[in-house]
Amino acid sequence: MTKKIEAIIREEKLNDIKDALHAIGIVGMNISEVRGHGRQGGITLVGRTGTYQVDMLPRIQLNIVLSDKNVERTIEAICGAAKTGNIGDGIIFVYPVDEVVRIRTGERGHEALMYEGDIDTLPVQE
Ligand SMILES: Nc1ncnc2c1ncn2[C@@H]1O[C@H](COP(=O)(O)OP(=O)(O)OP(=O)(O)O)[C@@H](O)[C@H]1O
Ligand SMILES: [Mg+2]
């Protein structure tokens, strides 16, 4: 089974998280800038004219599509690098992926996720 990990992380943690992912052999990934909030609903800031509420805070969304068997290790790597222990550290969603197509070659599924040295080409490490 192929899965997609969608991690919403602090912008300032992106480099540490990328390093942690490269260290375990994650090659393919993409990111986008997103705005949102979790349980706290944003933050209250103090300005010259009083306080105001920022409800949609900037975060990075990091997407990785990979084999089921590597999902837990990848979650551990992300959490290890992303956690400060303070509120707003982020959240991780895992989804099933129906299909992957590499456009250049027409490769499908697991074949399309094989990169030289990638975690998916390595035996599972416990
Ligand atoms: N249920 C959700 N659906 C979609 N995006 C979410 C959801 N919850 C949080 N997010 C996204 O994750 C980001 C980080 O959320 P946040 O870390 O504040 O989660 P939390 O559940 O409130 O945890 P904490 O208590 O540590 O703050 C948000 O800015 C938002 O972009
Ligand atoms: Mg929160």
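Between Y52, Y95, the distinction of being away from ligand 2 (no atom under 15 Å from the Cβ) and over 29 Å from M114 (Cβ atoms) belongs to Y52 only. Count of segment 73-91 residues, restricted to those that are within 16 Å of ligand 2 (Cβ to nearest atom) and touching a residue at least 40 places away in the same chain (Cβ under 8 Å), is 7. Evaluate the following for D118: is it on the phi < 0 side of the Ramachandran plot and more than 16 Å from ligand 2 (Cβ to nearest atom)? Judged against the criteria, D118 is a match. The set of residues in segment 17-36 that are more than 30 Å from T121 (Cβ to Cβ) and either within 10 Å of ligand 1 (Cβ to nearest atom) or hydroxyl-bearing (S, T, Y) (or both) comprises V34, R35, G36. Counting only strands (runs of 3 or more DSSP E) that fall entirely inside segment 36-126 and contain at least 3 residues that are β-branched (V, I, T) and modelled with pLDDT under 95, the qualifying elements are 43-47. What number of residues within segment 1-35 satisfy the criterion of being surrounded by 10 or more Cβ atoms within 10 Å (Cβ to Cβ), polar (S, T, N, Q) and not in a helix (DSSP H, G or I)? Here the count works out to 1. Scanning segment 71-126 for residues that are away from ligand 1 (no atom under 16 Å from the Cβ) and among the basic types (K, R) yields R73, R102, R104, R108.
Put simply, of V34, V46 the only residue that is among the hydrophobic types (A, V, I, L, M, F, W, C) and over 19 Å from the mean Cα position of the chain (by Cα) is V46. How about segment 73-91: which of its residues are touching an Asp or Glu at 6+ places or on another chain (Cβ under 7 Å) and surrounded by 14 or more Cβ atoms within 10 Å (Cβ to Cβ)? A81, A82, listed by residue number.
Can R39 be described as more than 11 Å from ligand 1 (Cβ to nearest atom) and surrounded by fewer than 15 Cβ atoms within 10 Å (Cβ to Cβ)? In short, no.
Does segment 118-125 contain any residue that is surrounded by 11 or more Cβ atoms within 10 Å (Cβ to Cβ), in contact with a Leu (Cβ under 6 Å, 6 or more places away or on another chain) and of a type outside the set (F, W, Y)?
Applying the first criterion (surrounded by 11 or more Cβ atoms within 10 Å (Cβ to Cβ)) to segment 118-125 yields 118-122.
Filter once more, so that each one left must be in contact with a Leu (Cβ under 6 Å, 6 or more places away or on another chain): 120.
Subset that is of a type outside the set (F, W, Y): 120.
Looking for residues that are surrounded by 11 or more Cβ atoms within 10 Å (Cβ to Cβ), in contact with a Leu (Cβ under 6 Å, 6 or more places away or on another chain) and of a type outside the set (F, W, Y), one finds at least one in segment 118-125, hence yes.
The values are calculated or read from the model by the stated rules, or taken from the named source; none is laboratory data. If you're wondering where the values come from, they're calculated on a predicted model, not measured in any experiment. A quick note on method: Cβ atoms are made from the backbone with ideal geometry, for glycine too, and the neighbour counts reach across all protein chains shown.
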